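The values are calculated or read from the model by the stated rules, or taken from the named source; none is laboratory data. A quick note: this is a predicted structure, and the numbers were derived from the prediction, not measured. Reconstructed Cβ throughout: ideal geometry from the backbone, glycine too, with neighbour counts over all protein chains shown.
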Amino acid sequence: MSDKPVVVVGRKLPEAVEGRLARDYRPKFNPEDRVREAAELIDLCTGADAIMPCHSEHLPAEVIAKLPESLKIIANYSVGVDHVDLAAAKDRGIVVTNTPDVLSDATAEIAILCMLGAARRASEGNRLVRAGQWKSWSPAFMVGTQVTGKRFGVIGMGRVGQVTAQRARGFDMEIHYTKRRRLDSAQEAGAIYHQTVEDLLPHCDVLSLHCPATPETLDLMNAERLALLPDGAILVNTARGAIVDQAALMAALRTGKLAAAGLDVYKDEPHIDPAFFEIENAFLLPHIGSATSETRDAMGFRALDNLDAFFAGGEPRDRVA
Ligand code: DGY
């Protein structure tokens, strides 16, 4: 019997990642790529040493309480860790890791796509062309918002926020941001710091959200804060759905307070509130921020590096609990 650690693998992962798992561990794969509910997940963890979940596997305190004694590490295949109750894991002495850095470029690309898709009415245009309903061209046809030279605001100027700001500079945008701790001037690269979210919002023609979902950021962008944005602003969310009050956002899109929104994440995804489907000025993507083959491999290798370090008796590089 091999003494390689048993790893429960949350979802179907890229071939190279599963290959390394099969070489170095005794993985329990998920070839059908099903989302496992809590009871099945707990059952699968019987006798396992580790689990490698994605953000689609939820590990709240009640699930963590039922994980077997043998399970020592949750090596997430994600940078976000809001699907795991970190305090409960810590209480049980279970180490938790994530996969920062490796998805910043891919997510920044999607944030820029969301900005442009929203500003230039990409959903509407795409639908019109595919439906064979594009009848004529005129100067008044499908006029959108130009982002070049406008102000780009970032809430959560961490890794993804900084890369996204850098990409926005390519459109000559002026960068504004807020963050608990101000960046040093090299990292700021000329970005204008605002101490609070409320201070920042009036300076954002485009607001891009990059903060984690925590109890403190739940519904951060509520009706009051949306009202602080300039009229005709654009909201981009590639972070987590929980940080936006969706009813307030829809109201702001319907009244035209916001010109548009570009969203890659939602509350209760993939069960998006169908009211979004009726809102023309929402550009909607299905949580694909990190969905490139390069990044999917890199996320897996980073999660594996964390597992390797842990089982070699060291400290995993990306320990979050
Ligand atoms: C992440 O890594 O947090 C992405 O949202 C995909 O799960």
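So here's what we get for this one:
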{"read-out": "When residues of segment 285-299 are limited to those that are in contact (Cβ under 8 Å) with a residue 24 or more places away in the chain and either more than 16 Å from the ligand (Cβ to nearest atom) or not aliphatic (A, V, I, L, M) (or both), the one nearest to Leu116 (Cα to Cα)", "value": "Gly289"}
{"read-out": "Single match in Ala65, Ala87, Ala39, Ala61 (criterion: more than 14 Å from the ligand (Cβ to nearest atom), more than 22 Å from Glu18 (Cα to Cα) and free of Cβ contacts under 8 Å to residues at least 12 places away in the same chain)", "value": "Ala39"}
{"read-out": "Check on Val8, buried (at least 17 other Cβ atoms within 10 Å of the Cβ) and among the aliphatic types (A, V, I, L, M)", "value": "yes"}
{"read-out": "Test: residue in segment 246-253 that is touching a residue at least 40 places away in the same chain (Cβ under 8 Å), surrounded by 14 or more Cβ atoms within 10 Å (Cβ to Cβ) and not assigned by TED's automatic domain parsing to the domain that holds Leu21", "value": "no"}
{"read-out": "Qualifying residues in segment 127-140 (those that are more than 23 Å from Leu258 (Cα to Cα) and not basic (Lys, Arg)) - the one surrounded by the fewest Cβ atoms within 10 Å (Cβ to Cβ)", "value": "Ser136"}
{"read-out": "Enumeration of residues in segment 71-84 that are more than 11 Å from the ligand (Cβ to nearest atom) and assigned to a loop (DSSP other than H, G, I, E, B)", "value": "Leu71, Lys72"}
{"read-out": "From the options Glu124, Glu109, residue that is assigned by TED's automatic domain parsing to the domain that holds Tyr193, within 27 Å of Leu207 (Cβ to Cβ), surrounded by fewer than 23 Cβ atoms within 10 Å (Cβ to Cβ) and within 15 Å of the ligand (Cβ to nearest atom)", "value": "Glu109"}
{"read-out": "Residue match in segment 30-49 (condition: out of contact with any Phe, Trp or Tyr (no Cβ under 7 Å at 6 or more places or on another chain) and assigned to a strand (DSSP E or B))", "value": "no"}
{"read-out": "Those residues of segment 141-158 which are under 30 Å from the mean Cα position of the chain (by Cα) and loosely packed, with under 13 Cβ neighbours inside 10 Å, in sequence order", "value": "Val143, Gln146, Thr148, Gly149"}
{"read-out": "Matching residues, segment 223-239, being of a type outside the set (A, V, I, L, M) and farther than 19 Å from Phe152 by Cα", "value": "Glu224"}
{"read-out": "Close pairs (9 angstrom Cβ cut-off, 6 or more residues apart or separate chains): free of Cβ contacts under 8 Å to residues at least 60 places away in the same chain and surrounded by 10 or more Cβ atoms within 10 Å (Cβ to Cβ) in segment 179-190, outside any loop (DSSP other than H, G, I, E, B) and among the hydrophobic types (A, V, I, L, M, F, W, C) anywhere", "value": "Lys179/Val154; Lys179/Ile155; Glu188/Ile175; Ala189/Ala165; Ala189/Ile175"}
{"read-out": "In segment 305-321, the residues that are of a type outside the set (S, T, N, Q) and within 15 Å of the ligand (Cβ to nearest atom)", "value": "Asp318, Val320"}
{"read-out": "Extreme residue, surrounded by the fewest Cβ atoms within 10 Å (Cβ to Cβ), among residues of segment 95-104 that are touching a residue at least 60 places away in the same chain (Cβ under 8 Å) and either within 16 Å of the ligand (Cβ to nearest atom) or assigned to a loop (DSSP other than H, G, I, E, B) (or both)", "value": "Asp101"}
{"read-out": "Every pair of residues 6+ apart whose Cβ atoms lie under 6 Å, when the first sits in segment 300-321 and is without any contact (Cβ under 8 Å) to a residue 12 or more places away in the chain while the second is not hydroxyl-bearing (Ser, Thr, Tyr)", "value": "Ala309/Pro316"}
{"read-out": "Complete set of residues in segment 158-175 that are assigned to a helix (DSSP H, G or I) and in contact with a helix residue (DSSP H, G or I) (Cβ under 6 Å, 6 or more places away or on another chain)", "value": "Arg159, Val160, Val163, Thr164, Arg167"}
